[in-house]
């Protein structure tokens, strides 16, 4: 009996040890997963950054192309139950034993309705294509081989260092490196992002703000940044900058988001963190959805009621 009591008293200790070991293993796995979910880039090193196949700064807000315009638009239009109802009615009219009416009495009005809606949707999408082309072809100053060269927005890549000027929009989501203001301060307007018209202040970390506009120092900057995956959270960002054997924590106060306007700052330099579809602005825009009005919903209900 003594041995039995002793073994029974040991069981709780074994259970607690096993649970603690399992919790440690789970924490280690979570830590590994978080590390794997982070992105990595190196400043001024396109060859290294190309390994990760990050998207460039091209954006696309249009829905249609030449090849999918007609089928995709018809698919969207037949999501309206009224159009689908008349299509089914047309198919039934093709059978003489079922209907005595001619098929063209239904197909002509249906084609007219589909054509008018299709032309309207095509015109709207052409405007989106034109707007995308205009934005993608805007000019930006990029630091290349120790010189500041003018390039297009769509050619900017993750890891590039760009120069932004006063009253100019921010090309991509960039890490602020230096500016013309004391202590690396930069003033931005975020009205296009959150609707606020008051200016906000961003500040570069001291190790990079000391570079100011020295092109030699900026070109020699080979900092490595590990940061979170793209997301739509405008007020959150976390990352770590490794440079010259030291690490520096990064947060949203160091980040200039695409869509912001530089104000009261002659110039500033930034390291591209997110480009194109990965920027927080595009992450919040989402896919262009097929819009339905309240009348469309009412018509769907009426069609279901009539057909039933």
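Laboratory data are not the source of any read-out in this text; all were calculated from the coordinates shown. Just so it is clear, the model here is predicted, and its values are computed rather than measured. With ideal geometry, Cβ positions are generated from the backbone for all residues, glycine too; neighbour counts draw on all protein chains shown.
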Per-peptide average of other Cβ atoms within 10 Å, ordering 271-278, 248-255 highest first: 271-278, 248-255
Segments 54-63, 70-79 sorted - mean Cβ within 10 Å per residue, highest first: 54-63, 70-79
Burial ranking of peptide ranges 103-110, 178-185 (average Cβ count within 10 Å, highest at the top): 178-185, 103-110
Pair residue 112, residue 231: separation of 7 Å Cα→Cβ label points (nm): 5.4 nm
Potential lengthening between residue 284 and residue 127 on full extension [0.36 nm per residue; Cα-Cα distance subtracted]: 54.5 nm
Cα gyration tensor shape for region 182-273, rounded if a/c is under 1.5, else prolate or oblate: oblate
